Amino acid sequence: MKIKRFLASSMREAMRRVREEQGPDAVILASHTREDGIEVVAAVDYDEALMRQALSRTDDDAAVNPRRPRRQPIAAANGAVEWAVDPQIRRLETELGQLRSLLEATLEANETQLAKAHPNRARVFRLMETLGFSTRVARRTAASLPLDADAERTRCLPVGWLARHLPVQAPEALQLGGRVALVGPTGVGKTTTLAKLTERAVRTFGSRQVAIVSLDTYRIGAEEQLSTYARLLGVPLFIVPTPDQLTARLAELADCRCVFIDTPGMSPADTRLAEALEVLGAHEQQITTWLVLSAGQQREDLEAAVNRFSRVKPKALVLTKVDECTRLGGALSVALERQLPVTVICDGQRVPEDLHIARASDLVLRAMQNARQLSDEAAAAAAASADVEPSPMEHSAHA
């Protein structure tokens, strides 16, 4: 368990520092007001034995200096630890809960009013939510529909609006060369995507002008997987043991037209991830960072990943596992709301056939096709259920 004390001018500032340094899984153990600010004790990777040691040290401090304000107690009863929560935090949670209830009631009333006044817009809004789009994007799309739109325009206009506003960006590295680092959470397919990009670059520039650099020395089998790809593609692979050695390696590859950098996928609380991201951020002028996300993840998880990797200022978004995604709206909402352009998509394991340059119209149409497929599957399931269940007349006949 890692315990750390934070001193800040306010509770909000202290919480911000806890999130930045220890991640969203950190637990607030204690907090108290000092003359010079707010002191917060937070921990990650909870271990009860270490927690009791920390409590013991706190009690010793109070015995030595009885005038010092005591921290909020962390009581242990029957072997269970009761986490201390600052009263201000509790009051804030209560107020946020009340505000959320009020907001949900207001939204429900607005949707009911919208359905009565503008049924076509309400229909578009429901479709967007079914596809996984955020409420904000669903409302903007529905609002783009003219009030007098007929059934045909109701089907077509939202598609056009989304295609016009969805940011996409051509992968310049595949056309002009450059240094591209792929960052993203564990398991989204960064290494496979890197192999696909490398093969495309080899077709354009030749194998002598393309190289792979890997910072992923933590994941078991990562080096072997990249070595296999590099050998098949005929390009050199360089393993960089520590992030601070990246500068020297890039200097050696100054004459190489195209360099792809593989990075480890780690937990946001892992200090090694912070080190790797800081190094990439320092090379902002030399390295273009692409954020790799799985299209099938929940929208909340996608947004959390964007926040986590924001320190390296990704210039584009790579969506993987599109073939496994039933609702593409979540990923497209992230691109729309964050104005993070989609550059390439991957929809399979084949190298490089299953890598495609992103086009807004194709992505929107694919999202709509998923909606139709879901609708057809639901109808088929309903029909199958009706076939299985005997009708009342059949019950009478058997009787």
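Would you mind stating whether residue 300 is without any contact (Cβ under 8 Å) to a residue 60 or more places away in the chain, out of contact with any strand residue (DSSP E or B) (no Cβ under 8 Å at 6 or more places or on another chain) and farther than 19 Å from residue 258 by Cα? Walk me through it before giving the result.
On the way: without any contact (Cβ under 8 Å) to a residue 60 or more places away in the chain: yes; out of contact with any strand residue (DSSP E or B) (no Cβ under 8 Å at 6 or more places or on another chain): yes; farther than 19 Å from residue 258 by Cα: yes.
It is true that residue 300 is without any contact (Cβ under 8 Å) to a residue 60 or more places away in the chain, out of contact with any strand residue (DSSP E or B) (no Cβ under 8 Å at 6 or more places or on another chain) and farther than 19 Å from residue 258 by Cα.
Scan region 149-159 and tell me whether some residue there is modelled with pLDDT of 50 or more and β-branched (Val, Ile, Thr). Before the answer, list the steps.
Initially, region 149-159 is screened for residues modelled with pLDDT of 50 or more, giving 149-159.
Of the ones still in play, those that are also β-branched (Val, Ile, Thr) are 154, 159.
For region 149-159, residues modelled with pLDDT of 50 or more and β-branched (Val, Ile, Thr): present.
Quick one: would you say residue 125 is in a helix (DSSP H, G or I), at pLDDT 70 or above and not aliphatic (A, V, I, L, M)? Full working, then the answer.
On the way: in a helix (DSSP H, G or I): yes; at pLDDT 70 or above: yes; not aliphatic (A, V, I, L, M): yes.
The answer is yes for residue 125.
Here's the yes/no breakdown for (1) of a type in the set (D, E, K, R); (2) surrounded by fewer than 19 Cβ atoms within 10 Å (Cβ to Cβ); (3) farther than 26 Å from residue 322 by Cα; (4) at pLDDT below 90:
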{"residue": "193", "(1), (2), (3), (4)": "no, no, no, no"}
{"residue": "198", "(1), (2), (3), (4)": "no, no, no, no"}
{"residue": "207", "(1), (2), (3), (4)": "no, yes, yes, no"}
{"residue": "231", "(1), (2), (3), (4)": "yes, yes, yes, no"}
{"residue": "241", "(1), (2), (3), (4)": "no, yes, yes, yes"}
{"residue": "263", "(1), (2), (3), (4)": "no, no, no, yes"}
{"residue": "274", "(1), (2), (3), (4)": "no, yes, yes, yes"}
{"residue": "279", "(1), (2), (3), (4)": "no, no, yes, yes"}
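Looking at 385, 333, 396, 391, which one is at pLDDT 80 or above and of a type in the set (S, T, N, Q)? If you could, list the steps in order and put the result at the bottom.
On the way: 385 fails: at pLDDT 80 or above; 396 fails: at pLDDT 80 or above; 391 fails: at pLDDT 80 or above.
Just a single option satisfies the conditions, and that option is 333.
Residue by residue through region 351-373, note down the ones that are crowded, with 16+ Cβ neighbours inside 10 Å, in a helix (DSSP H, G or I) and out of contact with any Gly (no Cβ under 7 Å at 6 or more places or on another chain).
360, 363, 364, 366, 368, 370, 371 - these are the residues of region 351-373 that are crowded, with 16+ Cβ neighbours inside 10 Å, in a helix (DSSP H, G or I) and out of contact with any Gly (no Cβ under 7 Å at 6 or more places or on another chain).
The values are calculated or read from the model by the stated rules, or taken from the named source; none is laboratory data. All values reported here derive from a predicted model rather than from experimental measurement. No Cβ is skipped: glycine too gets one built from the backbone with ideal geometry, and neighbour counts run over all protein chains shown.
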